[in-house]
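The values are calculated or read from the model by the stated rules, or taken from the named source; none is laboratory data. Note that the coordinates shown come from a computational prediction; the quantities given were computed from them, not determined experimentally. Here the Cβ is made from the backbone with ideal geometry for all residues, glycine too, and neighbour counts use every protein chain on show. Ligands, DNA and RNA are stripped out before the accessible areas are found, and what is left, the full protein with its side chains, is counted by its heavy atoms. Shrake-Rupley method; radii C 1.70, N 1.55, O 1.52, S 1.80 Å.
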Amino acid sequence: MNKPLITFASALMLASSPALAETHSIEPGEGAQERLQEALILAEPGDTVQLAAGRYTLTDGLSLDADNVTLRGAGMDETVLDFTTQAGAGEGLLVTSDNVTLRDFGMENPKGDGVKSKGADNIVYYRVRVAWTNGPDSGNGAYAIYPVESTGVLIDGVQVSGASDAGIYVGQSRDITVRNSIAEANVAGIEIENSRNALVENNFATRNTGGILVFDLPGLPVMGGGNVVIRGNIVAANDEPNFAPPGNIVGSVRRGTGVLIMANDGVLVAGNNLSDNPTADIMVIGYPLSYDDERYNPYARNVVVGRNFHARSGRDPQLPMADQLVAGFGGALPPVLWDGLSQDEVSALRGVSGTSAWTLNLSQPGDEPGSAMPGPVMLSEPVGEFDTGSVGAPAELESRLAG
């Protein structure tokens, strides 16, 4: 007697479901550019574009503008998208749709950025490798992994090298996790800019000019970056000379910077292994340049340094009067450097008991380091608990890592 009702309900369910997901299989070889781009255009929500192992010679950028699509290779070293002969100066891959998963492939020598996703909510980058194989070079693309203007970003297990700005850059976004990744030989290894609720965890940043950067900059559509946790990372031997093109903001990053926090609000740095960074393991500064943006706050605020491991850093600082500074501090600078600037009645920097820090004692944003009056500083103890539960990508993105 109930059979007609069940049949009717089943029909309604089928009618409301998307079409059955398809897998579009692509092989390397002649015509790979056209076949792959066509698959990305034809992909429907729920589809997978599956890349077989091999090297794909591509002469132009790729784009994806369909929601809920997976682009999947056979492994970051097995499936390689080779853009060495790319003609255009755009991205290797541009994603402009939501709920996209990018996983298990490598990209080499894109003319511009590696993978850029713009306005792409709930995006997952998993085991993606982007490299410029000629090593550090100002002519390389700016960003390897480049999500911007998104809510919900999970970056896990990626490898990036050679970017002339940042290997992993997340900008003007919120609810972000960057973890288990390797950033090597970029100007900035990992950069969180004008973004909120970010967790940077268990990464390895080495041989960059600066290992991990947390910036807030004026003049961007999204302002007010902060609420960032940096924990469990190895940030070691970031000693690459700065190779950013002239005029780039990261061109001011000092060689040998471990973690740099500039003009951000609410950052916790704890549980990291920081070593062999010639200038400083942790640097906290205000924005030093002039700006015309009434929304902007140039001061670092509410930065907390917890317990970290430090070794052999601060021995070759890229600062004025470096030799005198090093001698004055007994052969190595303390691991935490603060420019001495703070907003009225707002703490710029606090540290747990035993944190060894020094200050430049600058008087206002924009002062040259040459006007500094350096000396040791005793940091105030943190007040209250940092809300670590409020950072990170939405939990539902985890399900896409299976398989």
ask   = Is it the case that some residue within segment 284-292 is open to solvent by less than 10 Å² (accessible area, probe 1.4 Å), polar (S, T, N, Q) and either in contact with a strand residue (DSSP E or B) (Cβ under 6 Å, 6 or more places away or on another chain) or more than 19 Å from residue 357 (Cβ to Cβ) (or both)?
value = no
ask   = Quick check, is residue 139 part of a loop (DSSP other than H, G, I, E, B), on the phi > 0 side of the Ramachandran plot and surrounded by fewer than 20 Cβ atoms within 10 Å (Cβ to Cβ)?
value = no
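Conditions (1) among the β-branched types (Val, Ile, Thr); (2) open to solvent by 40 Å² or more (accessible area, probe 1.4 Å); (3) out of contact with any strand residue (DSSP E or B) (no Cβ under 8 Å at 6 or more places or on another chain), marked per residue:
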| site | (1), (2), (3) |
| --- | --- |
| 252 | no, yes, yes |
| 300 | no, no, no |
| 305 | yes, no, no |
| 324 | no, yes, yes |
| 330 | no, yes, yes |
query = So which pairs qualify, if the first residue must be in segment 312-341 and within 16 Å of residue 257 (Cα to Cα) and among the polar types (S, T, N, Q), the second must be part of a loop (DSSP other than H, G, I, E, B) and open to solvent by 20 Å² or more (accessible area, probe 1.4 Å), the Cβ gap must be under 6 Å, and the two must be at least 6 apart or on different chains?
reply = 313/335; 318/254; 318/255
request  = Check 51, 42 and return the single one that is open to solvent by 20 Å² or more (accessible area, probe 1.4 Å) and more than 15 Å from residue 110 (Cα to Cα).
outcome  = 42
query = How many residues are surrounded by 16 or more Cβ atoms within 10 Å (Cβ to Cβ), within 23 Å of residue 112 (Cα to Cα) and of a type in the set (Asp, Glu) when one looks only at segment 54-81?
reply = 1
remark   = Scanning segment 52-80 residue by residue, those closer than 18 Å to residue 123 by Cβ and of a type in the set (A, V, I, L, M) turn out to be 62, 64, 66, 69, 71, 76
inquiry  = Out of the residues in segment 334-377 meeting the condition of being under 17 Å from residue 310 (Cβ atoms) and of a type in the set (A, V, I, L, M), tell me which one is farthest from the chain's Cα centre (by Cα).
reply    = 377
ask   = Out of (1) buried (at least 20 other Cβ atoms within 10 Å of the Cβ); (2) modelled with pLDDT under 95, the odd one out for residue 246 is which?
value = (1)
ask   = Going by the structure shown, is residue 25 modelled with pLDDT under 95 and among the small types (Gly, Ala, Ser)?
value = no
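Can you confirm whether residue 269 is open to solvent by less than 60 Å² (accessible area, probe 1.4 Å), touching a strand residue (DSSP E or B) at 6+ places or on another chain (Cβ under 9 Å), in a strand (DSSP E or B) and free of Cβ contacts under 8 Å to residues at least 60 places away in the same chain? Even if it seems obvious, please write down each step before you answer.
Working: open to solvent by less than 60 Å² (accessible area, probe 1.4 Å): yes; touching a strand residue (DSSP E or B) at 6+ places or on another chain (Cβ under 9 Å): yes; in a strand (DSSP E or B): yes; free of Cβ contacts under 8 Å to residues at least 60 places away in the same chain: yes.
Yes, satisfied.
Going by the conditions given, is residue 316 modelled with pLDDT of 95 or more and either in a helix (DSSP H, G or I) or surrounded by fewer than 20 Cβ atoms within 10 Å (Cβ to Cβ) (or both)?
yes
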key: Hey, residue 60 of a type outside the set (A, V, I, L, M), in a loop (DSSP other than H, G, I, E, B) and in contact (Cβ under 8 Å) with a residue 40 or more places away in the chain or not   = no
note = Those residues of segment 86-95 that are assigned to a loop (DSSP other than H, G, I, E, B), under 20 Å from residue 158 (Cα atoms) and open to solvent by 10 Å² or more (accessible area, probe 1.4 Å) come to a total of 1
remark   = Exactly one of 145, 168, 182 is without any contact (Cβ under 8 Å) to a residue 40 or more places away in the chain and farther than 19 Å from residue 239 by Cα, and that residue is 145
